[in-house]
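Just so it is clear, none of the values below were taken in a lab; they were calculated from the coordinates. Just so it is clear, the model here is predicted, and its values are computed rather than measured. Ideal geometry is used to build each Cβ from the backbone, glycine not excepted, and the neighbour counts take in all protein chains shown.
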Amino acid sequence: MSVSNAGAGTLTGSISIESSSAGIFTLIPRQIDLSLAAGASKTFTVQFKPKRKRTSYTGAVIITSNDPDEATVEIPLTGTGM
């Protein structure tokens, strides 16, 4: 996944994971603090490590920033253990 700054100023904030099951979805790198100059982007990975087969999991990537139009963006995550 990636976050881009299409604005004219510096985009600051953070990226985190919310999930009802700890450790199922993980950010790589684990801690992501944003400081993106205009036109810059940041790439990150979300790893899925289910604990049980045939079990569905949900979570979300939460991006919080100083963007005046979208201060918080939530990207839903779903996965099923194989």
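When only Cα pairs below 8 angstrom with a gap of at least 6 residues are kept, the stretch 2-80 shows a relative contact order of 34 percent.
Across the alpha-carbon atoms of the stretch 2-80, the computed radius of gyration and Dmax are 14.0, 46 angstrom.
Magnitude of the charge dipole for the stretch 19-82, about its Cα centre and with charges confined to Cβ atoms of Lys, Arg (+1) and Asp, Glu (-1), is about 740 debye. Each residue of the stretch 62-67 is assigned a 3J(HN,Hα), and the resulting list reads 10, 10, 10, 7, 8, 5 Hz, derived from the Karplus form 6.51 cos²θ - 1.76 cosθ + 1.60 (θ = phi - 60°), x at Gly and Pro. Other residues lying with their Cβ under 11 Å from the Cβ of Val61 contribute a combined charge of -2, Lys and Arg counting +1, Asp and Glu -1. By other beta-carbon atoms within 10 Å, ranking Ile62, Ile15, Ile75 with the fewest at the front produces Ile75, Ile62, Ile15. Of the GluC sites (Glu not before Pro) found in the chain, those in coil by DSSP whose Cβ has at most 15 other Cβ atoms within 10 Å are Glu70.
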